[in-house]
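Have a look at this one before I ask anything.
The values are calculated or read from the model by the stated rules, or taken from the named source; none is laboratory data. All values derive from a computational prediction rather than experimental measurement. As a convention, Cβ positions derive from the backbone with ideal geometry for all residues, glycine included, and neighbour counts pool all protein chains shown. Please note that ligands, DNA and RNA were not included when accessible areas were found on the heavy atoms of the full protein model with its side chains. Shrake-Rupley method; radii C 1.70, N 1.55, O 1.52, S 1.80 Å.
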Amino acid sequence: MSRRRLIVLPLVLFLVVAGTVFTLAKLHLARPSVAASGPVKVGDFYRGQVAFNQICAACHGNDGAGGGIGPKLAGANVTLAAAKAQIDNGGGTMPAHVVEGKREEDVLAYLATILSPAGQ
């Protein structure tokens, strides 16, 4: 009985913790509750697409199509101000300042092309 407990209890604990972490990560919304940290200035779309697919695609999928730990951004009803606030402040599993400066402006220019027009 003791041997069974040594195997089953850690396994059950692992499954509960892993399931909770996965569920919380999937429920994370790309709508930060903090206000945008400044005016939204956009840069170059092409450089933004390249930067997005190099840096952001690991979590948000290529071209924001989803499939990673982050939410799908293509077609999402998110404003550029909210996207900038999320980039600046982070939230959930996303760290703050993943991109900064000119690179952030370029990524925002790219996001303007894939977010839902209603979010603009």
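Does G119 satisfy the condition of being open to solvent by less than 10 Å² (accessible area, probe 1.4 Å) and modelled with pLDDT under 90?
Details: open to solvent by less than 10 Å² (accessible area, probe 1.4 Å): yes; modelled with pLDDT under 90: yes.
In short, yes.
Within the range 99-114, which residues are open to solvent by less than 30 Å² (accessible area, probe 1.4 Å) and part of a loop (DSSP other than H, G, I, E, B)?
Hit for the range 99-114 is V99, nothing else.
While we're here: Would you mind stating whether A96 is in a loop (DSSP other than H, G, I, E, B) and modelled with pLDDT of 90 or more?
Numbers: in a loop (DSSP other than H, G, I, E, B): yes; modelled with pLDDT of 90 or more: yes.
When the stated conditions are applied, A96 passes them.
Tell me which residues, restricted to the range 51-74, are assigned to a helix (DSSP H, G or I), of a type in the set (A, V, I, L, M, F, W, C) and surrounded by 16 or more Cβ atoms within 10 Å (Cβ to Cβ).
First, the residues of the range 51-74 that are assigned to a helix (DSSP H, G or I): 51-60, 62-64.
With of a type in the set (A, V, I, L, M, F, W, C) added as a condition, the list becomes 51-52, 55-59.
Those that are assigned to a helix (DSSP H, G or I), of a type in the set (A, V, I, L, M, F, W, C) and surrounded by 16 or more Cβ atoms within 10 Å (Cβ to Cβ): A51, F52, C56, A57, C59.
Just need a number here: residues in the range 77-94 that are under 20 Å from A58 (Cβ atoms) and open to solvent by less than 20 Å² (accessible area, probe 1.4 Å).
6
Another question, if that's okay. Please go through the range 84-120 and pick out each residue that is within 30 Å of V21 (Cα to Cα) and of a type in the set (D, E).
If the condition is that a residue be within 30 Å of V21 (Cα to Cα) and of a type in the set (D, E), then D88, E100, E104 are the ones that fit.
If you go through the range 70-120, how many residues are closer than 21 Å to D44 by Cβ and touching a Leu at 6+ places or on another chain (Cβ under 7 Å)?
11
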